[in-house]
Amino acid sequence: MRYSLDHKSPVPLHIQAETLLRKLIEEEEYQNGKLLPNEVELAKMLAISRTTLRQAINKLVYEGLLIRKKRAGTKVAPVAVSSKSNNWLSFSQEMKLRGIPIKNFELHISWVTPDEALANFFEIKTDRQVLKMEKLRGKPNEPFVYFVSYFHPRVGLTGDEDFKMPLYEMLETEHSVVATLSKEEISAKAADSFIAEKLRIATGSPILFRKRFVFDRGERPIEYNLGYYKADSFIYTVESIR
């Protein structure tokens, strides 16, 4: 692999270094436990400071992709399946890892004008259209979650994409948009008539409501997601260490 950065690019060097590291850790030799080049050598090859390189490494350590040990070096973290709040996946990826077969009952794509709250989140004007995706998903015999996602126009979605693919995989491979940060809000509420009909439950039944705010590497908003879950279908685990 060629270790080089474009020092004339408007993209910050630490972001370029992070991109390079993400490609590097996908290589088989590093997946099998080989240590990454040490910071001094890699910083020299990339013609950047160790501080800039560490900024990129720290980001991947924070995401759980790298493990760094003093005097031992840095290597790729082993793959783990977790429902902890600091390890999030797309719904398709999460269900696949859990071995749960998923069926798409409905998929709707449309262009809408955002309300004030959505426009403020995306930092756009309310007259600028955004792509809206609605999905009703569940086990083969019954739906248990209804999703509504809105995407920032900057992402470049046309509406013709294959939205049956894992969402964040599609964004990365087709639009070079890497979803890096997720902030979530979870609450309990009663299903209104619309959601009750979708989930095949009685109006007023308890559901779990999740808001997910997704950001790219530059911490710019890319997705505003709403999820409505049958109360008995979703468990959210948070681990805290004191």
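Which FRET efficiency value, to the nearest 0.05, is calculated for residue 189 and residue 158 with the Förster distance at 30 angstrom and r the Cβ-Cβ distance? Spell out each step's value before the answer.
Details: r = 34 Å, r/R0 = 1.12.
Step by step, r from the Cβ atoms, then E = 0.35.
Kirkwood analysis of the Cα pair distances in segment 9-63 returns a hydrodynamic radius of 11.5 Å. Full extension of the chain between residue 29 and residue 205 gives 58.2 nm of extra length, using 0.36 nm per residue less the Cα-Cα distance.
How do 201-213, 134-146 rank on mean C-beta neighbours within 10 Å, highest first?
Numbers: 201-213: 15.5, 134-146: 17.1.
In descending order of packing, they fall as 134-146, 201-213.
Per residue, the Cα convex hull of segment 135-211 amounts to 120 Å³. Once Rg/Rh (Cα atoms, Kirkwood Rh) is calculated for the structure shown, the corresponding label among (i) 1.07; (ii) 1.03; (iii) 1.01 turns out to be (iii).
Karplus-based coupling profile of segment 179-192, in residue order and whole Hz: 6, 10, 10, 10, 10, 10, 10, 10, 8, 9, 7, 9, 6, 7, with θ = phi - 60° in 6.51 cos²θ - 1.76 cosθ + 1.60 and x standing for Gly or Pro. Using Cα atoms only, what is the angle between the long axis of helix 13-24 and the major principal axis of the chain, expressed in degrees (0 to 90) to the nearest 10? Roughly 80 degrees between the two axes. Any chance you could give the angle, 0 to 90 degrees and rounded to 10, that helix 50-62 forms with the longest Cα principal axis of the chain? For 50-62 against the chain, the angle is about 30 degrees.
How large is the helix-only mean residue ellipticity at 222 nm for the chain, computed as the sum of -39500 (n - 2.57) over DSSP H runs with n ≥ 4, divided by its residue count, in deg cm²/dmol to the nearest 500? Walk me through the intermediate numbers first.
Numbers: 8 runs with 67 residues, N = 242.
Rounded to the nearest 500, it is -7500 deg cm²/dmol.
Note that segment 91-230 shows a convex hull volume over its alpha carbon atoms of 116 Å³ per residue. With a threshold of 29 Å on the Cα-Cα distance, the over-threshold entries among 135/189; 23/44; 8/70; 23/211 are 8/70; 23/211. Near the amide H of residue 231, under 5 Å away, which other amide H atoms are found, from residues 5 or more places off or on another chain, if H is placed in the peptide plane? Here the answer is 208, since their amide H atoms fall under 5 Å of that of residue 231.
Taken together, the values in this text are just the output of simple stated rules run on the coordinates, not laboratory data. Computed from a prediction, not measured in an experiment: that's the story for all the values here. Don't worry about glycine lacking a Cβ; one is built from the backbone with ideal geometry, like all the others, and counts go over all protein chains shown.
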